[in-house]
1. Assuming R0 = 45 Å, what is the FRET efficiency of Ser166 and Val39, from their Cβ-Cβ distance, to the nearest 0.05?
2. Roughly how many nanometres apart are two label points built 7 Å out from the Cα toward the Cβ at Ala27 and Ser81?
3. For Ile85, Ile111, what ranking results if the residue with the fewest other Cβ atoms within 10 Å of its Cβ goes first?
4. Which GluC sites (Glu not before Pro) does the stretch 1-89 hold that lie in a coil by DSSP with at most 16 other beta carbons within 10 Å?
Amino acid sequence: MPTKELQLRRRRWTLVLSLPFTLVMVAIGAYSIFLLFTVEERFVLAVAGCGAFVSLCLVGTMGKAVLEALYDLRPAVVIDSTGLIDRRGGVGLIPWHEIERVKLDLDEQQILVNMAGSASPDRRKLISTTRRLIHGADYTIALGGLRYDPRELERSLAEHHRQGISRRPVSVAGDT
């Protein structure tokens, strides 16, 4: 019996908390820019300039995350019979037959994926030794900001990985 697909979606409460903060930062940035053009005192100009810079930097990063969470309603990470799919980053689809080991790291809130030696050559070129030394895996899928149940996620990863290994292509002696 095939294991059901598990979809990890963004947490909506982070949007609810970060939206007011982003709007306050927009107001602070606008007021700081207003002060830059209306006040002539050097100290106020320096404080307003720093305030405008910091608030607009925060608005840029927080605003981007808020807009992504608001408009991207697709699941961010999908675990199904084909493999692990991370739609947020550059990882994309990692098929189960190319995965040697998959581990859920709850302390760091990430999924660690080690690739098998028989992984496709294109994917093997992308994996660096440095990445394996720093992260402890060939690929990491961040779970921060996603809604998931750790037990269900670990069970789904184990079931899908076990089924993927059973479907792994068998190499014939003499094939290289």
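FYI, it's all coordinate maths here, none of it is from the lab. This one's a predicted model, so the numbers in the text were calculated from it and none came from an experiment. Note that each Cβ is placed from the backbone with ideal geometry, even for glycine, and that neighbours are counted across all protein chains shown.
1. Numbers: r = 71 Å, r/R0 = 1.58.
Given R0 = 45 Å and the Cβ-Cβ separation, E is 0.05.
2. Computed distance between label sites Ala27 and Ser81 equals 5.3 nm.
3. Details: Ile85 19, Ile111 24.
Least to most surrounded, the residues fall as Ile85, Ile111.
4. On the way: sites: Glu5, Glu40, Glu41, Glu68; in loops: Glu5, Glu40, Glu41.
For GluC sites (Glu not before Pro) across the stretch 1-89 that sit outside H, G, I, E and B with at most 16 neighbouring Cβ atoms in 10 Å, the list reads Glu5, Glu40, Glu41.
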